[in-house]
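What follows is a short report on a single structure.
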Amino acid sequence: MLEHFSHIVTVFLLVAGLFIIVARGNLIKKLVGLSILQTSVYLLYIAPGKLLGGTAPILAPQFSIYSNPLPHVLILTAIVVGVATLALGLALAVRIREAYGSIEEDEILALDRAEDPA
Amino acid sequence: MALSVLMLMRMRNLFAVIVLFGIYSFLMATVLVALDAVDVAMTEAAVGAGVSTVLLLGALHLCKSREAKPAHRPWLPLAVALSTGLVLVYGAMGLPDFADPLSPIHRHVVPRYLQNEVQVPNVVTAVLASFRGYDTLGETTVVFTAGVGIIALLRRRKKPVAVGCAETLFALYVQFHGDFGPGGGFQAGVIVAAAMVFHALIFGADTARRVVPDWLVETMLAAGVLLYAGVGVAGLLLGGNFLDYFVLDVDPVHGQHRGIFWVEVGVATTVSGVMLKIFYMFASRDDANGESEQ
């Protein structure tokens, strides 16, 4: 159990993010949930790269064990791409609020139904 | 960390949710340092706790919303989430143990990365800009595309007017030190943007726009991607493959350094341009929000 602790934390964060996305109707809250789900993926990638007794992958003569640099590269770019897409989502939420006067999913759906009874 | 996430789920005051999310991001950055991912932690601290908190607060300000009380008890989502969790935990039990040096992740291409063929001590930078240069070019393009999307969504006819100092100096250090210590284009880009954003928060967005005007930001957006691709084309013209840095100089190792340097400059330019543009768009949206409501 203990050797899988990092995986369990990851799964917990993922499930929490998923729950927020599905259960909460507020679009900003949903985006926060999506970000939490995303950070769980960071952990999923980074945690297996760690080696006990290892150090950050910056080569220096006094160290011989380095943690795995590849996940770091992948996640580094993922974070930056993540914030760009988060901003895109927020921009959409702002436009939705301007068009509907609300960012609650239920209210938006109700407005949609009122406009188009089909 | 788990505590702040649990609080996040329960709270309906969105302001508190966003502040908690910032705290959560900072804790995540600390965990990443503990896992030896210093480059990633630097980015997460600047992005998660800095830029995205500001963006979320900006969007919240524009939406002026408080989360409504849910109409029904969330039993179904809870069940879905928990069953997903159970399946994942079951799956995780089959994964290699934590910090197992024999797990496949440590045995495939990574030992070659660590041999340091390109003689750049920070392996993360070497892999990012050289070994996996194609990926990074693609990702820079994604960031650029997101920036363009936001401009399209939040564009105003009104001429928007548009921010740094000690932090920017630090960012430049991060940029150029990237070969040797933790750092590089992505980190520097977000730190520049965070510096500007905080400068704007303190002195007002208009002062910021005077330091870094809109046209400059928009040029940066495109110039970064072009610079990156340009380095690739330069390799092509000099008789190598696309993004082949070895041909950029008579001395192959020096060529690598040169290629990585320019690629990182391109990345930093696009990333900071996009982040700033996003921030400006949200900031200028505010002035016009009132009239669009009718």
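On the beta carbon distance between B:Thr84 and B:Asp135, with R0 = 30 Å, the FRET formula returns roughly 0.55.
Label sites at A:Asp106 and B:Val148, each approximated as a point 7 angstrom past Cα along Cα to Cβ, lie 4.0 nm apart. Since only A:Leu52, A:Leu14, A:Tyr42 are under comparison, the one whose Cα sits farthest along the positive direction of the charge dipole of chain A, derived from C-beta charges on Lys, Arg, Asp and Glu, is A:Leu52.
Dipole size of chain A about its Cα centre, with +1 on Lys/Arg Cβ and -1 on Asp/Glu Cβ: approximately 480 debye, rounded to the nearest 20.
By Kyte-Doolittle mean hydropathy of at least 0.0 and Cα axial length of at least 30 Å, which whole DSSP H helices of chain A are selected? Intermediate results must be reported in sequence, preceding the final value.
Working: long enough: A:27-49 (34 Å, 1.21); A:69-100 (46 Å, 1.55).
Qualifying helices: A:27-49, A:69-100.
Estimated at 0.36 nm per residue, the fully extended path between B:Leu76 and B:Val33 surpasses their Cα-Cα distance by 11.8 nm.
The B-A contact accounts for approximately 7300 Å² of buried accessible area, totalled over both chains at a 1.4 Å probe radius. Placing a pseudo-label 7 Å from each Cα along the Cα-to-Cβ vector at B:Met93 and A:Thr55 gives an inter-label distance of 3.9 nm. Dividing the convex hull volume of the alpha carbon atoms of segment A:6-109 by its residue count gives 85 Å³ per residue.
Proximity of backbone amide H atoms, modeled 1.01 Å from N, is registered between A:Asn26 and A:Glu105 at under 5 Å, excluding neighbours fewer than 5 places apart on the same chain.
The values are calculated or read from the model by the stated rules, or taken from the named source; none is laboratory data. Everything numeric here is computed off the predicted structure, so don't read it as measured data. Reconstructed Cβ throughout: ideal geometry from the backbone, glycine too, with neighbour counts over all protein chains shown. In case anyone asks, the SASA skips ligands and DNA or RNA and just uses the protein heavy atoms, side chains included. Shrake-Rupley method; radii C 1.70, N 1.55, O 1.52, S 1.80 Å.
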